[in-house]
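Presented below is the structure to which this report refers.
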Amino acid sequence: MRYGIFSDTHANLGALEAVLREFDREKVDALVCIGDTVGYGPQPDECCEKVRAVTRHTILGNHDAAVSGRMDYSYYYDAAREALDLHASLVSSENMQWLKSLPYSAKDDDTHFCHGSPLDLEQFEYIFTVDQASTCIPIWEDLGQVTFIGHSHLCKAYALGRERVYEVITKDFEVHPEFRYIVSVGSVGQPRDHDPRASYTIYDTDRGRFEFKRVEYDIAATAQRIFDETRLSDSFGARLFAGV
Ligand code: ZN
């Protein structure tokens, strides 16, 4: 199986369409979205519609949980919270039902998917350091060969031995059966690694081969939609140009 895996679209339809075009060209067999389809951006309903139509699995992210009334987000900073309030009013009733129904995790044999750390799915803990990945050693036996996560908006991969965790620093690699892997797939719609291009990944289970990929999209067009929507903070548009 050749998977196309992506996460953290954050209502950025232009970035999502660019990534889906790449998946078409790459001839993937199945698409998986790791969550946070909504939040921050200008087109939450359009993104839900598209993701819902094309994915084999879509996982619940914290922003999806907030918008669909499944999580308290009163402690989020003002601009993020206001975007979530706005998005709750913009998604269609079908898409709201879909957000309410999304699972915290999914598994296809030895390939697992969840938004934050697999340790406690409902807590949405970040994993973007070796120390954070090491907290999963106690559940090593329960991890898939690869567990795909999102949430941090960073492209990171960790190989977990039974006692030690190593960061994998290449953009593509082959999995070794003696390790378990946790791979953070980056963000389609709001990358934070100073590379503003949309992030997506490919995992070929037959070959045991994983790849981080990037594609350019029309950042100015998405940013302009954010600037034009007075109920969204302009900072959500400005940050897209810098990839932060
Ligand atoms: Zn996110």
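Just so it is clear, none of the values below were taken in a lab; they were calculated from the coordinates. Since the structure is predicted, the reported quantities are computational estimates derived from the model, not experimental observations. Neighbour counts are summed over all protein chains in view; Cβ atoms, including those assigned to glycine, are modelled from backbone coordinates with ideal geometry.
Want the number for Ser101 to Arg21: 0.36 nm per residue separation, take away the alpha-carbon distance, what's left?
26.1 nm
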- Message: Test of understanding: what is the full-extension gain from Asp109 to Met71, defined as 0.36 nm times their sequence separation minus their Cα-Cα distance?
- Response: 10.8 nm
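Net charge within 11 Å of Thr135 by Cβ-Cβ distance, Lys/Arg positive one each and Asp/Glu negative one each, not counting Thr135 itself? Before the final figure, lay out the partial values.
On the way: positive: none; negative: Asp120, Glu125, Asp131.
Charge balance near Thr135 sits at -3.
Express in nm, to one decimal, how much length is gained between Arg52 and Asp206 on full extension, taking 0.36 nm for each residue of separation and deducting their alpha carbon distance. Mind dumping the intermediate values first?
On the way: separation 154, 0.36 × 154 = 55.44 nm, distance 2.61 nm.
Between Arg52 and Asp206, full extension yields an extra 52.8 nm.
In debye, nearest 20, what is the charge dipole magnitude of the chain about its Cα centre with +1 on Lys and Arg Cβ and -1 on Asp and Glu Cβ, if you could check?
Numbers: 25 positive and 40 negative charges, 57 e Å.
Roughly 280 debye for the chain.
If you take every DSSP beta bridge whose two residues both sit in the chain, what share of them, in percent to the nearest 5, is antiparallel? Mind showing how you got there, number by number?
Details: 28 of 41 bridges.
In the chain, approximately 70 percent of DSSP beta bridges are antiparallel ones.
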- What nm distance separates the two modelled labels at Arg162 and Glu174, each placed 7 Å from Cα along Cα→Cβ? 2.4 nm
- Item | GNM flexibility winner over the chain from Ser74, Ser187, Ser105 (Cα, springs under 10 Å) | Ser74
- Task: In nm, give the distance between the simple-model label positions of Ala221 and Ala30, each being 7 Å from the Cα along the Cα-to-Cβ direction.
- Result: 3.1 nm
- Task: Could you tell me whether the stretch 38-132 comes out rounded, prolate or oblate from its Cα gyration tensor? Rule is a ≥ b ≥ c as square roots of the eigenvalues, rounded for a/c under 1.5, then prolate if a/b exceeds b/c, otherwise oblate.
- Result: oblate
- Most packed first (mean Cβ within 10 Å per residue), the peptides 60-67, 49-56, 16-23 order as 60-67, 16-23, 49-56
- With a/c under 1.5 counting as rounded, go ahead and sort the stretch 89-244 into rounded, prolate or oblate using the C-alpha gyration tensor (a ≥ b ≥ c being the square roots of the eigenvalues; past the cut-off, prolate if a/b is larger than b/c, else oblate). prolate
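How large is the convex hull of the C-alpha atoms of the stretch 186-244 per residue, in Å³?
Dividing the Cα hull volume of the stretch 186-244 by its residues yields 76 Å³.
Considering lysine pairs in the chain that are 8 or more places apart or on different chains, how many have Cα atoms under 20 Å apart?
Working: Lys27/Lys50; Lys27/Lys171; Lys27/Lys213; Lys50/Lys100; Lys156/Lys171; Lys156/Lys213; Lys171/Lys213.
Lysine pairs satisfying the spacing and distance rule in the chain number 7.
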